[in-house]
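The values are calculated or read from the model by the stated rules, or taken from the named source; none is laboratory data. Nothing here was measured: the structure is a model prediction, and the numbers come from that model. Cβ sites come from the backbone with ideal geometry, for glycine too, and all protein chains shown count toward neighbours. Each accessible area value is taken on the protein alone, full model and side chains, heavy atoms only, with ligands, DNA and RNA left out. Shrake-Rupley method; radii C 1.70, N 1.55, O 1.52, S 1.80 Å.
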Amino acid sequence: MEMKEADSRSPRSGSRVPLWAALVMVAIGALGLVWLLFLNKPASPAPLAATRTPQPTFTTIAQVVTPTAPPVLPTATDTAIPPTHTHVPPTATPVPPTVAATATPVPPTATPAATPMPPVPVPKPLRMNSPEYGMQAFLWYRPEVASRDMGMIKDAGFGWIKQGIGWRDVEGAAKGHYDWSRVDWIVAECNKLGLDLLVRVDHQPQWVGGNFPTNGPPDNYADLGDFLYAMASRYKGRIRAYEVWNEPNLAREWGGRPPNAAQYVALLREAYRRIKQADPNAMVVSAGLTPTGTYSSIATPDDVYLEQMYQAMGGNSDGYFDVLGVHAAGYKAPPELSPDEAASNPDYGGGRWFCFRRVEDLRRIMERYGDADKQIAVLEFGWTSDPIRPEYAWHRVDEETKGDYFVRAYQWAKEHWSPWIGVMSLIYIADPDWNAQDHEQYWWAISEPGYPDFRPRPAYLKLKAMPK
């Protein structure tokens with residue numbers, strides 16, 4: 001259709017565009033330019049802090065490794081139930097609770113962030129004061145609880161924290177693939193608070209064998225040596241002491257295989273060598289031996305096992321450990337009760353290992369092999385108030401008595417074991433996820449599980465008030 005134009009000329013003839021059409025075209029172009037420049041521009045992102053869920057100081061770790069297995073509880077094969085309504089102790093040895101290196105994992109919410117490290121602490125000697133004071137805590141998965149519990153340990157006047165580090169939680173993906181983010185945070189916080197850190201290293205990754213997922217030594221001991229070298233290099237001067245493995249005189253801590261002191265000594269020698277290469281001032285502590293009188297494929301008595309260790313070391317512990325590690329469950333006995341009395345009185349168990357002073361039997365073995373100059377670290381000790389499990393109920397004490405026994409144990413050590421006793425680390429500041437029914441460790445603790453409030457049991461309050 002032909003349009004009627006102002007100057008009577010057709011636009012197809014190459015003549016000028018009418019003025020009104022030109023103005024329309026200019027307006028359309030201007031609107032298009034405005035749309036391109038402003039209306040079609042992507043929205044600016046909101047500030048990162050406004051859109052990201054706030055994270056705690058200790059960010060959660062990427063789940064690149066298999067979580068540590070849950071705590072291994074005593075079984076019917078290594079405990080016996082006493083007769084009902086009597087004080088007759090079990091015929092076999094009830095083994096104190098073993099806690100896995102880490103607690104139940106919390107799902108990740110963020111990529112780990114680097115933890116700034118405070119200055120390296122002033123070096124301390126391998127020789128400790130007699131005694132020094134420590135508590136075991138569970139700092140791995142819940143930073144808000146970890147920060148609180150570290151503060152409560154320091155507030156009680158204790159200078160050491162014992163923490164399990166699961167090897168599989170750091171190098172679980174493959175050899176040389178490390179995730180140090182959680183360890184970085186724990187180490188940094190301990191350094192800031194001026195607390196000495198004693199780490200127990202066990203729970204091997206799947207790729208090293210050891211009858212995974214059972215807690216067992218690697219097929220190639222050099223793999224543990226390499227891991228400890230990497231760890232001691234990274235935290236040189238920051239981690240004061242390393243405990244190499246845990247309770248190897250129990251099959252359940254030795255890959256489900258019969259305990260073997262010679263094998264453990266070989267593992268300990270490799271660990272000692274590699275730690276010292278990286279950090280000569282780090283303290284190497286042998287694994288705490290559980291007090292037991294059971295001698296079978298599932299357990300070896302702690303005194304027999306220690307004797308076997310010295311025999312395997314050729315009677316000389318140099319190059320194997322700086323400090324001997326022991327465990328010292330009190331069972332039903334007050335801390336002053338001697339092994340002779342525990343052995344002669346069925347009410348207390350009828351065995352020398354059923355008392356806190358079992359440590360003295362192990363000390364005599366050290367002295368017999370010329371190791372009197374080395375100290376002992378009590379890596380776990382305590383009393384249970386468990387009314388549920390028969391294997392523990394026979395030797396339970398109430399919470400007030402537990403607190404009294406703890407205080408008297410430290411007093412006994414200071415008066416009778418100096419100068420050879422070093423750090424004494426009690427069990428436990430409670431894991432926040434424990435409950436009375438499912439976790440026997442709940443009854444050994446000196447605080448109640450949970451968050452946010454710290455709820456001390458009488459033992460914590462008595463220990464806080466105790467002269468140090």
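Please compute the contact order of the stretch 148-254 in relative form: average sequence separation of alpha-carbon pairs under 8 Å and at least six residues apart, divided by the residue count, as a percent. Display every interim value, and only then the final one.
On the way: 142 pairs, mean separation 29.4, N = 107.
RCO, the stretch 148-254: 27 percent.
The alpha-carbon of Lys175 sits under 18 angstrom from the alpha-carbons of these aspartates and glutamates, leaving out residues fewer than 8 places away in its chain: Asp202, Asp219, Asp223, Asp226, Glu270. The label point for Ala222 and the one for Asp155, both projected 7 Å from the Cα toward the Cβ, are 5.0 nm apart. Can you spot the lysines whose alpha carbon is less than 19 Å from Lys464's alpha carbon? Ignore those fewer than 8 places along the same chain. In chain and number order, the partners are Lys154, Lys162, Lys402, Lys414. Modelled this way, with points 7 Å down the Cα-to-C-beta line, the labels at Gln277 and Tyr295 are 3.8 nm from one another.
Cα centroids of the stretch 348-373 and the stretch 138-156: 33 Å apart.
In the stretch 198-304, the ratio of gyration radius to Kirkwood radius, Rg to Rh, stands at 0.98 when only Cα atoms are counted. In the context of the full set of protein chains, the stretch 275-382 has a per residue accessible area of 30 Å² (1.4 Å probe). For the stretch 129-183, averaging the sequence separation of C-alpha pairs within contact (under 8 Å, six or more residues apart) and dividing by the residue count gives a relative contact order of 34 percent. Note on exposure: Met366, Met117 ranked by accessible area (1.4 Å probe, complete protein assembly) read Met117, Met366, with the most exposed listed first. Taking only protein heavy atoms and a 1.4 Å probe, the accessible area of the stretch 132-195 is 51% carbon and sulfur. Each residue, Asp347 and Lys124, gets one label point 7 Å from its Cα in the Cβ direction; the gap between the two is 4.0 nm. Counting only C-alpha contacts under 8 Å and six or more residues apart, can you give the relative contact order of the stretch 230-295 as a whole percent? RCO, the stretch 230-295: 49 percent.
Can you give the FRET efficiency to the nearest 0.05 for Glu399 and Gln437, using r as the Cβ-Cβ distance and R₀ = 22 Å?
The value I calculate is 0.80.
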